[in-house]
Structures are given as structure tokens and as C-alpha cells.
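Computed from the coordinates by the stated procedures, all read-outs in this text should not be read as laboratory data. Every value quoted in this text rests on a predicted model; they were computed, and no experiment measured them. Here Cβ is always computed from backbone atoms with ideal geometry, including for glycine, and neighbour counts include all displayed protein chains.
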Amino acid sequence: MSNILVTGGCGFIGSNFIIHFLNNNPNKSIINVDALTYAGDLLNLIEISDNPRYIFEKGDICNRDFIEHLFSKYDIQDVIHLAAESHVDNSIANPDAFMQTNIIGTFNLLNVAKEYWMNSPGDYKDKFKNSRFHHVSTDEVYGTLGEEGLFHETTPYAPNSPYSASKASSDFIVRSYHHTYGMNVVTTNCSNNYGPKQHDEKLIPVIIRKALSGEKIPIYGNGKNIRDWLYVLDHCKGIELAFKKGISGETYNVGGRNERTNIYIAEKICEILDQKVPLNSGKSYAEQISYVTDRAGHDFRYAIDATKIENDLGWKADENFETGIELTVDWYLNKYKSILETV
Ligand code: NAD
């Protein structure tokens, strides 16, 4: 039995990842460290709260003493790092927390892991010779694409928002710990995720919630911005594979080849809701779609080339957008039951 420190496990991807990973790996225990910011929710992990291989520790990844204490207390063997401030709009309004958590927090975790794994006394160090730091990052570090082209692992970084700039910084710090200190690191850069347990502030939950409560469904600009959508469980499987089989020092792009415009997403969700929970008025939910002033510096298009993780590690997305969004809408219909009673 070895202990893995997962950071940010009470958030959207982290909670889906922990449940998936524990089910798949009976000889591993997970210590979940999460500061429970507005984005973290213990209820996301309620189904494993009494699993003896799962421990929750509330705390801030920027706090060095606390992270050092966790490494010694649990003799941490590996780290899978997801904790971050993750919402682009918040990073435009208030970037401070993004720089702190995404940059300083990542630096702090790397430093403590390096000390614990590489500077342990004598033979004890051997125990950690294969210890790995897996960094979970985003395709937004590459900036924006025009109508053509894909992000490859070799695409130069060109982050445009405070969020993506802070993630790009963290990717570079992780890279430097491999090149300078020989640390065993892997980074995955993933496209936009969707699925159960995403925070209410993000595009897809907003569309579903506003539709059901009879409010306007806000779509930025002309709705033509394109994202490459990936079902969260497919991302979790990609993280697990890269963590176990990825080559140290390498980065892997993860994406489902599911490019969709924002307006397509809103219309598709409305179409599913029209079928599953038709409005008494006979109208379509799509009539609630309303264009709003575009996000400052809004990147036009993201699209991932996932060939490397597919060919080298055998990863493949199981869901396409149309199957994944159906699963997602079903999950939110259950979550928003109270709103539904008033539809
Ligand atoms: P999220 O906002 O849902 O969850 C982040 C979690 O981190 C929360 O539980 C929060 O409480 C915790 N956290 C924040 N600051 C902390 C701190 N200082 N110390 C400890 N915990 C802290 O985010 P998410 O969407 O689940 O994203 C997880 C990771 O995946 C992030 O690193 C993000 O950059 C990356 N990512 C996300 C997407 C996406 O579409 N959501 C795509 C690619 C990569």
C-alpha cells in the first residue's frame, strides 16, 4: 500500500479522479489536500468518505509547514497535483489568488516533494527513487488558434489570460525541477472538461441551470468561440495513464477531438431539455438564449492534437460530445430537482 497526495480533490476533476483512481487501484491510498475554497465541496466525495484508503486533509498548498507535515505524516510516495484557481472570468476580475495558488502553490509542493524524496537520509531515499510528481494543466497555456491547426506538445506557450499565464508559469516550474534536479515529473495539458460535479459557475452548468429556472441563457459575443470538449472521466483515465506510464519529463496533450462552438453547446443542451423536461408552454428552452458582451481577451479557438497520448500510452476518449452531454444533463437534472418542480 502506498500513499498518493492528490491536491484539489474536492473540486470538479479532482473528485471525479479520486473516485475513479481508488476503484481502479486497490493497493493505493489517497490523501486529498484541499483548502475548500468556494470551488471545493466535500459532498463531491461523499460516496467514498468512509473508504479506509481515503483521507481528507483541509489545508492550503501554499503553506510549506503544512505540506511538509503531510509528507512526513503519510510518507507520501507520489503527488498528483490538481489544486488551482480555475475560472478564467475570476482571473480577469481578481488575479491575485491565481498567482498565489497556481504558481506559488505548485512551487511549494515541488520543493517539499524534492526535499522529501531526494534528500532523505541514506537508504531511505531508495524508497522514493520512482516517486512521481504529476502536474495537471490546461491547453489554454498555448493561447488561441485561428480557424485551422491544432495544439501539439511542441506548440510554443502564448497564454492570454491571467489564469492561463499562471498555469503556464506552473508548467515551466515543473519542467525546471526535472531539468535542474532530475525530478520525476509528468505534465498533462487537457482541453475543456465537462461532466458531473462541475462548479455552477462554468458554462455547461450555467446553461442547464438558467434554462431550467426560466432565466436568460448568457452566451459571450457571437457564440462562435470554439472549445475542444472532453468528458471528465476520459480526462481522469488520461491522468491515470500518464501518471503510471508517461515518460519522466514529458508532457501529454489530452483532448477528445470534439470541437464545438459555444452556441452549438447551448442549442444542444436546450434540445436535450426539450425532450427530457418539455416546457408546459410548448416553447423551446433555446428561446432563452441571449448574447452578452464578450469576455475581455476571449480566445477564439482551442483544439488539441492527442496523438502522442493515444499512440504512446494507448489512451482514447470513450465519450464523444453528444454521448457525454446526455450523461451530464441527466446528472444535473437530478441535482437541480428543486428547480424542476417549478418548471
Ligand atoms: P476546480 O476549481 O473545480 O477545483 C479546484 C480545487 O482546488 C477546489 O476544490 C479548491 O478548493 C482547491 N484549491 C484551490 N486553491 C487551493 C489551495 N491554495 N490549496 C489547496 N486547495 C486549493 O477546478 P477543476 O476544474 O477541477 O480543475 C482541476 C485542475 O485541472 C486545475 O489545475 C485546472 O487548471 C486543470 N484543468 C481544468 C480543466 C477544466 O476544464 N476544468 C481543463 C484542463 C485542466
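Each row is one residue, and each column tells you yes or no for (1) among the β-branched types (Val, Ile, Thr); (2) more than 17 Å from Thr187 (Cα to Cα).
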residue	(1), (2)
Ile226	yes, yes
Phe243	no, no
Val254	yes, no
Asn262	no, yes
Pro278	no, yes
Ser281	no, yes
Gln288	no, yes
Arg295	no, yes
Phe321	no, yes
field: Single residue of the range 174-198 satisfying the filter (in contact (Cβ under 8 Å) with a residue 12 or more places away in the chain and part of a helix (DSSP H, G or I)) that is nearest to the ligand (Cβ to nearest atom)
entry: Val174
message: Looking at the range 63-98 only, could you name the residues that are of a type in the set (Gly, Ala, Ser), surrounded by 21 or more Cβ atoms within 10 Å (Cβ to Cβ) and within 9 Å of the ligand (Cβ to nearest atom)?
response: Ala83, Ala84, Ser86
task: Just give me the residues in the range 31-54 being more than 9 Å from the ligand (Cβ to nearest atom) and farther than 20 Å from Phe243 by Cα, in sequence order.
output: Leu42, Leu43, Leu45, Ile46, Glu47, Ile48, Ser49, Asp50, Asn51, Pro52
query: Looking at (1) touching a Gly at 6+ places or on another chain (Cβ under 9 Å); (2) on the phi < 0 side of the Ramachandran plot; (3) crowded, with 21+ Cβ neighbours inside 10 Å; (4) not aromatic (Phe, Trp, Tyr), which is the one condition that is false for Asp60?
result: (3)
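For residues that are more than 13 Å from the ligand (Cβ to nearest atom), more than 17 Å from the chain's Cα centre (by Cα) and of a type in the set (Phe, Trp, Tyr), scanning just the range 128-173, find the one that is nearest to Thr188 (Cα to Cα).
Start the filter on the range 128-173 by keeping residues that are more than 13 Å from the ligand (Cβ to nearest atom), which leaves 128-133, 143-150, 152-158, 160, 172-173.
Next cut, more than 17 Å from the chain's Cα centre (by Cα) only: 128-132, 143-150, 152-158, 160, 172-173.
From what's left, of a type in the set (Phe, Trp, Tyr): 128, 157, 172.
Numbers: Phe128: 22, Tyr157: 14, Phe172: 13 Å.
Ranking the candidates gives Phe172 first.
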- prompt: Of these, Lys125, Lys114, Lys28, which one is within 26 Å of Ala242 (Cα to Cα), more than 9 Å from the ligand (Cβ to nearest atom), touching a strand residue (DSSP E or B) at 6+ places or on another chain (Cβ under 7 Å) and not aliphatic (A, V, I, L, M)?
  reply: Lys28
